[in-house]
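The values are calculated or read from the model by the stated rules, or taken from the named source; none is laboratory data. All figures in this text were calculated on a predicted structure; none of them were measured in a lab. Glycine gets a Cβ as well: all are built from the backbone with ideal geometry, and neighbour counts include every protein chain shown. Just so you know, the surface numbers come from the protein's heavy atoms only, side chains and all, with ligands and any DNA or RNA stripped out. Shrake-Rupley method; radii C 1.70, N 1.55, O 1.52, S 1.80 Å.
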Amino acid sequence: MSRVLIVDDEPAIRDAVGYAFRNEGFDVETRADGDSGLRAALEGGFDLVILDLMLPGLAGTEVCRRLRARDPVPIVMLTAKNAEADRLLGLEIGADDYVSKPFSMAELIGRARAILRRQELARSGTEGV
């Protein structure tokens, strides 16, 4: 079972995304701010982090930078910032994917599964075969 951490300050988003991922068989934890999100990500052994950019405390961009410096865990940015410059920044600081709000829950889960599948292929040494 893959472990997913959802870091978003909007309770409705945390609840909806958490519910959807649990329904798909994922083990889910949530956090509402950047500081606790970063701590959880560094301590928790997650397979994927879904991260909002605009968070109280430590901004999502800084969470991403710090997490990426210490852990290769895949990161999906999930944010209302949808300008090209914002998407590029998210990818440049280490995010593996970027999903803009409003979003399709099915697409978010599909993107998460694709990232986890690529990660598993890389671990097994069969990537590119």
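Here Leu88 fulfils each of the conditions (1) free of Cβ contacts under 8 Å to residues at least 60 places away in the same chain; (2) hydrophobic (A, V, I, L, M, F, W, C); (3) under 21 Å from Asp9 (Cα atoms) apart from (3). Here Leu5, Leu42, Leu51 are screened, and the one residue that is surrounded by fewer than 16 Cβ atoms within 10 Å (Cβ to Cβ) and either farther than 20 Å from Lys101 by Cα or under 11 Å from the mean Cα position of the chain (by Cα) (or both) is Leu42. Does at least one position in the range 55-71 carry a residue that is in contact with a Lys or Arg (Cβ under 9 Å, 6 or more places away or on another chain) and closer than 22 Å to Arg123 by Cβ? No.
Looking across Glu62, Glu10, Glu107, Glu24, one residue alone is surrounded by fewer than 20 Cβ atoms within 10 Å (Cβ to Cβ), acidic (Asp, Glu) and free of Cβ contacts under 8 Å to residues at least 24 places away in the same chain. It is Glu107.
Here Asp9 fits the description: part of a loop (DSSP other than H, G, I, E, B), out of contact with any Lys or Arg (no Cβ under 8 Å at 6 or more places or on another chain) and among the charged types (D, E, K, R).
Is one or more of the residues making up the range 114-125 modelled with pLDDT of 95 or more, open to solvent by less than 80 Å² (accessible area, probe 1.4 Å) and not in a helix (DSSP H, G or I)? Checking the range 114-125: not a single residue is modelled with pLDDT of 95 or more, open to solvent by less than 80 Å² (accessible area, probe 1.4 Å) and not in a helix (DSSP H, G or I).
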